[in-house]
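Beneath this line is the structure, given in structure tokens, with notes to follow.
A short reminder: the numbers here are calculations on the coordinates, not readings from a lab. All of these numbers come straight from a predicted model, not from anything done at the bench. So basically every Cβ, Gly included, is an ideal-geometry build from the backbone, and we count neighbours across all protein chains shown.
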Amino acid sequence: MLISVIVPVYNIEKYIGKAIETIIGQTYRELEIILVDDGSTDRSGEICEFYAGKDDRIVVVHQENGGLSKARNTGTKIAKGDAIAFIDGDDYIHPCYFEILAKNLTEHDADISVCGMQVVSEDEYSKLMSVKNVEDSAIDISSKEAIEGMLYQKLFSLSSCAKLYKRKIAKSHCFPERELFEDYYTVYRFFTEATAVTYTDARLYYYLKRAGSITKKKYSHQMMDYIKHGEQVTDHVERNGRLLFDAAISRLVWACFYIVTHIDDSSKYREDEEYCWNYIKKYRRKVIKDKSAVKKEKILCALSMFGKRPLKLVYKMSLR
């Protein structure tokens, strides 16, 4: 089974070399590695070409800057693999990453194979890579169970990474271009297209914690894309039987907490704050009564009864 690995690359010269090395060093060898240089202004594109000269499995595409989603879409369009995976250019993977995901996809006759993800510093990553033996105990779950687990933040994340998709799934929907939180609705839609999902909690994908990530940036109006995608998920659920409505609302309310707590008291983005605050007020009692909602969200919903300030304080503490 040929796996197409799509790696968006933009101004990450410090990280992209090591990321590529973790891919070409995989125990699973049948890979098509598509590096999409999204208009980098540093040496990232040059580094990609260097590795392409060393490994004929690598294809490098250079394009004008269009953002993460456009880079992923470009890679997906030209992918030849039977299965497709997305890896961010500043993240790393365990040497057995594709061996395990591919084995589970095939043996469990699944449409999507998922593994655990771990947030790491560079020092922590080096230690993890030295672990050779990986315990892999995969379970079969339905598409509904998978979506519910993602929306309730219990099973695995809505990230497009740490997953291996059959070709038909990855090509079923494009990522929204020039938008933030692009995985939210798109990954949800991937899973609605799936019949069977397999999951191992083995943490084989390493999300590198570094300065400049979206979680560390100051608030801007574009962050309301988070709410937009949450509304898209909720609307889709409502149009398709409402079976996952409570889960969709739980995740939308969490997104609203994110926005409200990232807007400071002196901010000019009061309209955004009020828009999200109204969602919180409308659904907080529903979330509190929801037996499946995570405890930390229920606590935030209860705190919201006392206003925004105590909510903001506790929310930020919960992210530590």
| remark: Inside segment 145-181, the number of residues satisfying the requirement of being within 17 Å of Val237 (Cα to Cα) and crowded, with 19+ Cβ neighbours inside 10 Å is 8
| field | Elements of type helices (runs of 4 or more DSSP H) in segment 133-208, at least 2 residues being β-branched (Val, Ile, Thr) and in contact (Cβ under 8 Å) with a residue 12 or more places away in the chain | value | 183-193
| query | Taking segment 61-95 only, how many residues are surrounded by fewer than 20 Cβ atoms within 10 Å (Cβ to Cβ) and over 16 Å from the mean Cα position of the chain (by Cα)? | reply | 12
| message | Among the residues of segment 97-109, what is the count of those that are surrounded by fewer than 17 Cβ atoms within 10 Å (Cβ to Cβ) and in a helix (DSSP H, G or I)? | response | 2
